[in-house]
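K.L.:
First the structure, which I've put down as structure tokens, then a few questions once you've had a look.
Laboratory data are not the source of any read-out in this text; all were calculated from the coordinates shown. Worth saying up front: this structure is predicted, and the values here are computed from it rather than measured. When we count neighbours, we look across all protein chains shown, and the Cβ atoms used for this are built from the backbone with ideal geometry, even at glycine.
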Amino acid sequence: MGILHIRKLKHSAGGREILNIDALGVDSGGRLLLLGPSGCGKTTLLSLMAGLMRAQNGDVTFDSTNYAALSSTALDKLRRRSFGFVFQKLHLLGHLSLLENVHLASDRPDDAFIHALLARLGLDGKEKQAAQALSHGEAQRAAIARALAAKPRILFADEPTSALDDANTAAVARLLLDETARSGAALVVATHDARLKPYFDTAWEMAA
């Protein structure tokens, strides 16, 4: 069953049309890969789907709610309530502990759920460690935990593996897929990393 829909979407930047999409959807619990080279518009598309940007033309709806009908405040609330985010730059606050960083994702954190999540991600016992003292792999897993802490209905990830070797790319891909499957969240990943394609049933391939 579809949870997010795009219809007749057009978007331009710098005087150039970068997106022209008649229809695109994400199923509840589904997995969608937005794949293409730098400059093809995949990050813009992900941002429009996640309500981080407003569509210039066309409709983006989540759970039958059209983003265009929402005020900025209402859209912010929808995003915080329903979406989780993992970015290439992890945006952890280095002076805060791992657990404090994870708590930032939710107004009412479920500590039992969060501690179980951290344990599954191999971060048990690291809760009080400052984010700046985490290894890169630990920081990545902390960012995934933060994105899932509020039990989002869709997890959006932008270039989560572009700086990783093959082994770590596979590990991060499995973590994203396994944890979203466990929680029932849909997963949308924007990347130029073709190594991720085998992990997804649906790939929306974009040209420069």
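K.L.:
Given a Förster distance of 41 Å, report the FRET efficiency between residue 113 and residue 202 from their Cβ-Cβ distance, rounded to the nearest 0.05.
P.N.:
For residue 113 and residue 202, the calculated efficiency is 0.90.
K.L.:
At 7 Å along Cα-to-Cβ for each site, give me the label-to-label distance between residue 22 and residue 127 in nm.
P.N.:
Placing both labels 7 Å beyond Cα along the Cβ direction yields 5.3 nm.
K.L.:
List the residues of segment 141-164 whose backbone N lies under 20 Å from a point placed 7 Å from the Cα of residue 178 along the Cα-to-Cβ direction.
P.N.:
141-152, 155-157, 160-162, 164
K.L.:
Can you put 200, 87, 62, 156 in order, fewest other beta carbons within 10 Å first?
P.N.:
Ordered by Cβ neighbours within 10 Å, fewest first: 87, 200, 62, 156.
K.L.:
With a cut-off of 8 Å between alpha carbons and a minimum separation of six or more residues, what is the relative contact order of the chain in percent?
P.N.:
Dividing the mean separation by the residue count of the chain yields 31 percent.
K.L.:
On to the next question. Fewest first, what order do 44, 65, 202, 73 take by the number of other Cβ atoms within 10 Å?
P.N.:
Ordered from fewest to most neighbouring Cβ atoms within 10 Å, 44, 65, 202, 73 come out as 73, 202, 65, 44.
K.L.:
May I ask what percent, to the nearest 5, of DSSP beta bridges between residues of the chain are antiparallel?
P.N.:
Antiparallel bridges: around 50 percent, rounded to the nearest 5.
K.L.:
Also, I was wondering about something else. Starting from the Cα of residue 197, draw a straight line to each of the lysines and keep only those under 30 Å, dropping any in the same chain fewer than 8 residues away.
P.N.:
8, 10, 42, 89, 151
K.L.:
Moving on to the next point. For a footprinting-style exposure proxy, rank 97, 64 by other Cβ within 10 Å, fewest first.
P.N.:
The order, fewest Cβ neighbours first, is 64, 97.
K.L.:
Where does the charge balance sit around residue 65 when Lys and Arg score +1, Asp and Glu -1, over other residues with C-beta under 15 Å from its C-beta?
P.N.:
+4
K.L.:
Summing Lys, Arg as +1 and Asp, Glu as -1, what charge do residues with Cβ under 13 Å from the Cβ of residue 30 carry, residue 30 excluded?
P.N.:
0
K.L.:
Let me ask something else about it. How much length is gained on full extension from residue 69 to residue 120, taking 0.36 nm per residue of separation minus their Cα-Cα distance?
P.N.:
The span from residue 69 to residue 120 would gain 14.5 nm if fully extended.
K.L.:
In whole angstrom, how far apart do the alpha carbon centroids of segment 15-78 and segment 85-123 sit?
P.N.:
25 Å
K.L.:
A further question follows. Count neighbours as other Cβ atoms within 10 Å of each site's Cβ, and list the trypsin sites (Lys or Arg not before Pro) in segment 82-141 that are DSSP loop with at most 11 such neighbours.
P.N.:
89, 128
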